[in-house]
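The values are calculated or read from the model by the stated rules, or taken from the named source; none is laboratory data. Because the structure is a prediction, the values reported are computed rather than measured. Methodologically, a virtual Cβ is constructed for each residue, glycine included, from the backbone with ideal geometry; neighbour enumeration extends over all protein chains shown.
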Amino acid sequence: MKKLLFLLGSMLVIVFGLQQCKPDSTEIPEPEENYKSTPDTIKRPFNFPPINIPVDNPLSKEGVLLGRMLFYDPLLSIDSTISCASCHKQENAFADGGKAFSTSVFGLTKRNSPPLFNLVWMKDFFWDGRAKTLPQQVEDALIHEQNFNAAMAVSKLEKDSTYVALFKKAFGKPGNITQQKIEKAVSQFMMTLISADSKFDKVMRGQATFTQLEFDGFYNLFMKDTGNVGGFGADCFHCHANSSGASNLTMMDNNFHNNGLDYAANFNDFTDKGLGAITGSFTDNGLFRTPHIRNIEVTGPYMRDGRFSTLEEVVEFYNSGLKLSPTVDPQMKFAHQGGIQYLSAYDKQALVAFMKTLTDTTFLNNPKFSNPFEQ
Amino acid sequence: MNKSFFLSLVSLLFLVSISSCDKKNKGNFEVKLNGFVGAQPLSFSNTIYSDGAGKDFFFNRLKFYISEVRLVRTDNTEVDVEDVAYFDYADNNWKSFSVEAPSGEYKGIKFNVGLNPTQNATNPDDFKASDPLGPKDDMFWEWLKHRFINLEGKADVSGGSFVNGVGLVYHVGRDTCYRSVSLSNGNFIIPDEGKKSINLNLDLLKVFKEQPAPIDMFLKPGTQSEDNDLSIAIQFADQFSKSFSYSE
């Protein structure tokens, strides 16, 4: 009897011991019922408009971190070769630096990748405005630029215990991974991409001063109208500054224009219809979203097809290279003569010098926005 | 004790009666903007208009402010109903507004196009975007203050391809362009605790054809309300303010 008890006892101890030897479960516990992620905030820069974070996607530290990882992780593409960062590089203010046309193994991208920053003040996304919210923009880019397959991406992420844990931390209950959560997380990271610390900003804050060349470029050319007869400013501000408030420094008009890039003989003669292809209205053909002018020094090549390599070429285009078409923006008052024509060599230098004051090296080097897998 | 209880009860009943009085004799008054070009509805989509006198044109932007909106009673007294309203014809959120107004019969509507000098001196950054005076794209420049009217489009000769067309850019602002409008078109009633909607009709063809100062799109295709083109802004403000009507 004693022996039997001893044997039974030993077996119990062994079974218990084996139980302890089992490897750690890969199951990550569901978040507690009342789990809340850690709220995150974005600081409103000097003379920028209020920031409205979408109520259905509040920022959390965990959400932003997850979004940053997803942004840089090629796992999201169908063959795990392309991430958002393949075409949106921090050193180029998250534009592609001219490389988007060659990085995609699925073919060339149709248009120059726009830079990504100050997105919380934008109302439309993509050159043609086909997305109205950041999650929509993320979804579109994933599908069309990364050949994204939602089910496959979710499945790949579910097999990665790090991501399983990160999704639970970012979104709480229920702790599953969905396409919607991927889009929300990437959007959260992108909302934190704020660029507002260039020399231009410092001048506006009274912490730096323009050189004479930069001063003339901004106040006497960029911000001055051409007038109806021409002869003074370069009239850049109508599209590249914001006219909604006394001192809105976003430097974008949140609007669509045909800037006279290509000749078109009639409303349907545009090779790239832009906004018109989205709205279905022929009077919108050839219109594109005004691109960011902040960080323009590093976001080349310029225009939607990257046709200009330098800022000097861009300035010369507006001075003498405009083409006529039925929807050329009414603000391009001198398109009929190919541009304003009267910019002197000094004027052109001044405009370029001013534009270079919009480079925000703090943003370009901010470790919070860099590739988390390379740290 | 009984006396104070009685007094409290009377006070309570008095307050209740006051608050219920507040709700009486009032209704909801809604103003909906309807754009026209002559008899045609104004559309920014796939639509070319003709003035019947050699010009074709299209529009792609119409934004403007009205202020000091008043209703005219049948005894000619006026009721203030709204300080300021903003219209953006491309944005359904800003194509109408509604206010609480005393119920009763009215014979007309008065308002001013643009902002009065006090409103014009405000800074959009001090208001929420949801406020008519808050930040609105393309409607404010620090040196000229609010744009009262922003109309953009393009014109060409009839049958033209618009390749050689003329850009239309009417950015009208500054206190000197503030204009009053007085409209009547039969009496209407705002029902007690009910709702009355009217259509505020704006005919852009009248802006360019109304006598005695029609605006030739080719000769005066735009204004920024700067000193050198302010005369066009003034003429445009005059014409614009004469191009409204209302209908039920």
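Summary table
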quantity: Residue in region B:91-120 that is surrounded by the most Cβ atoms within 10 Å (Cβ to Cβ), counting only those that are touching a helix residue (DSSP H, G or I) at 6+ places or on another chain (Cβ under 9 Å) and of a type in the set (A, V, I, L, M); calculated: B:Leu115
quantity: One residue from A:Val120, A:Val138, A:Val64 being within 14 Å of chain B (Cβ to nearest Cβ) and part of a helix (DSSP H, G or I); calculated: A:Val120
quantity: Residue in region A:246-254 that is free of Cβ contacts under 8 Å to residues at least 24 places away in the same chain, facing chain B (nearest Cβ under 10 Å), surrounded by fewer than 21 Cβ atoms within 10 Å (Cβ to Cβ) and not polar (S, T, N, Q) present; calculated: yes
quantity: Top-ranked residue of region A:257-304 - restricted to ones that are within 9 Å of chain B (Cβ to nearest Cβ) and of a type in the set (A, V, I, L, M, F, W, C), ranked as farthest from B:Lys136 (Cα to Cα); calculated: A:Ala265
quantity: Among (1) surrounded by 21 or more Cβ atoms within 10 Å (Cβ to Cβ); (2) within 23 Å of A:Ala196 (Cα to Cα); (3) in contact with a Lys or Arg (Cβ under 9 Å, 6 or more places away or on another chain), the one test that A:Ile340 misses; calculated: (2)
quantity: Selected residue [free of Cβ contacts under 8 Å to residues at least 12 places away in the same chain, within 12 Å of chain A (Cβ to nearest Cβ) and either among the aromatic types (Phe, Trp, Tyr) or farther than 30 Å from A:Phe48 by Cβ (or both)] from B:Asn123, B:Asn164; calculated: B:Asn164
quantity: Qualifying residue in region A:209-231 (condition: in a helix (DSSP H, G or I), in the same structural domain as A:Lys110 (by TED's automatic domain parsing) and free of Cβ contacts under 8 Å to residues at least 24 places away in the same chain); calculated: no
quantity: Failed criterion for B:Lys154 (all others in (1) among the charged types (D, E, K, R); (2) more than 8 Å from chain A (Cβ to nearest Cβ); (3) buried (at least 22 other Cβ atoms within 10 Å of the Cβ) hold); calculated: (2)
quantity: Answer residue from region A:305-325, given it is among the small types (Gly, Ala, Ser) and away from chain B (no Cβ under 14 Å) and is surrounded by the fewest Cβ atoms within 10 Å (Cβ to Cβ) among those; calculated: A:Ser309
quantity: Failed item in (1) on the phi > 0 side of the Ramachandran plot; (2) within 11 Å of chain A (Cβ to nearest Cβ), with B:Gly114 passing the rest; calculated: (2)
quantity: Boolean, A:Asn118 is polar (S, T, N, Q), in contact with an Asp or Glu (Cβ under 8 Å, 6 or more places away or on another chain) and farther than 27 Å from A:Asn34 by Cα; calculated: no
quantity: Check on A:Ile278, among the β-branched types (Val, Ile, Thr), more than 30 Å from A:Met69 (Cα to Cα) and touching an Asp or Glu at 6+ places or on another chain (Cβ under 6 Å); calculated: yes
quantity: Qualifying residue in region A:258-273 (condition: outside any loop (DSSP other than H, G, I, E, B) and under 28 Å from the mean Cα position of the chain (by Cα)); calculated: no
